[in-house]
1. Okay, helix-only estimate at 222 nm for the chain: each DSSP H run of n ≥ 4 adds -39500 (n - 2.57), divide by all residues, round to 500 deg cm²/dmol; what do you get?
2. Report the equivalent ellipsoid semi-axes for segment 17-124 in whole Å, largest first, defined as the square roots of five times the eigenvalues of the gyration tensor built from alpha carbon atoms.
3. For segment 129-233, report the convex hull volume of the alpha-carbon atoms normalised per residue, in Å³, without decimals.
4. Sum up the charges of everything whose Cβ sits under 15 Å from the Cβ of R55, counting Lys and Arg as +1 and Asp and Glu as -1, but leave R55 out.
5. Report Rg(Cα)/(2.2 N^0.38 Å) for the chain, keeping two decimals.
6. Cα centroids of segment 174-194 and segment 80-102: how far apart, whole angstrom?
7. Could you size up the charge dipole of segment 123-233 around its Cα centre, putting +1 on the beta carbon of Lys and Arg and -1 on that of Asp and Glu, and report it in debye to the nearest 20?
8. Would you mind working out the magnitude of the charge dipole of the chain relative to its Cα centre, with +1 at each Lys and Arg C-beta and -1 at each Asp and Glu C-beta, to the nearest 20 Debye?
Amino acid sequence: MVQEGRKQSSGLASAGCLYVVSTPIGNLEDITLRALRVLKEADVICAEDTRTARRLLSHYQIQPARLLSYYSYNERKRLPQVLSLLKSGQQVALISEAGTPAISDPGHRLVVEAIKSGIRVVPVPGPSAVLAALVASGLPTDRFLFEGFLPRKKGRQTKLKKLAQEEGTIILFESAQRIRKTVEDIVRTMGNRYIVISRELTKTYEEFIRGFAEELLAEFDQFVWKGELVLLVAGKDFKPFH
C-alpha cells in the first residue's frame, strides 16, 4: 500500500492519505515512475474523467483497485464519500483529465477539506500545461500570473483592465471557440500586446503561435484551432526580443 513520509501528527496513524497526482497533458510518456507506483498501489483513484483515466491506466497495464468519478458536477455528492474513505484509512489518488489536479479543475475543495480533517495531502508532481507553455514561450519566466479561464461575461472587462497593469507574464486557459474574442478583448483593454498561443501541447502537432495581438488577429483564420489552448500575454513593460 502507498505510504510515504511522516504523518502530520501522531494521532493520524489510522487515517488515509490523499495523493494529488499529475498525469500527462497529451503525450502518455510524460508521467513519472512515482506517479505510476502511486496509481498502482492506491486503494481508490478519483478521476475527473474515468474514460481518460482508463486509457492511461490501460496503457501502463494498471488495474485500479477502485475508480471513482470526481468532477465539478458531482463534487458536492462525492466529497463526503471520499473524505469518509480517507478517514477509514484508504489511500486515495486524485487525478484530473490531464495535467496537475486542482489547477482550474475539480479537486481543490477536496484538498482543502482533507487538510481541515487532518488528513495528509501529498503532491506527486509532473506535467503542467501552465509551466510547459511558459518555458517554451520566450516570455519572461521570473514573474508570472496564472489566471485560468477569464470570466465569460460578468466581471470580464474589469478583470482584463486589472491584468493590463500586471508587469509579469499573464497565463490564461481558453477554448478554441473563444480564443478570437479573448484576443480581441485583450487588444481593446491592453493594447497591441505581444502574445503567445500554445496548442496541442506535447502532442504530435504541438505549436506555438507568437506575435503581436493585432497581427495575429489578421492571420487568425489560417490556423487550426482545436481543444483547449494556453494563452500567454506579455507584461505591460515587456520589450520584444529581436
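No value in this document is a laboratory result; all are computed from the given coordinates. On a predicted model such as this, the values are computed, not experimentally measured, just so you know. With ideal geometry, Cβ positions are generated from the backbone for all residues, glycine too; neighbour counts draw on all protein chains shown.
1. Values: 8 runs with 76 residues, N = 242.
So the calculated ellipticity at 222 nm is -9000 deg cm²/dmol.
2. 20, 14, 13
3. Details: hull volume 9.3 nm³, N = 105.
Dividing the Cα hull volume of segment 129-233 by its residue count gives 88 Å³.
4. Working: positive: R51, R54, K203; negative: E29, D30, E48, D49, E97.
Summing Lys and Arg as +1 and Asp and Glu as -1 gives -2.
5. On the way: Rg = 20.0 Å, N = 242, 2.2 N^0.38 = 17.7 Å.
Relative to the 2.2 N^0.38 Å estimate, the chain comes out at 1.13.
6. Cα centres, segment 174-194 to segment 80-102: 36 Å.
7. Details: 17 positive and 15 negative charges, 127 e Å.
Dipole magnitude for segment 123-233 comes out near 600 debye.
8. On the way: 35 positive and 27 negative charges, 202 e Å.
Approximately 960 debye in magnitude.
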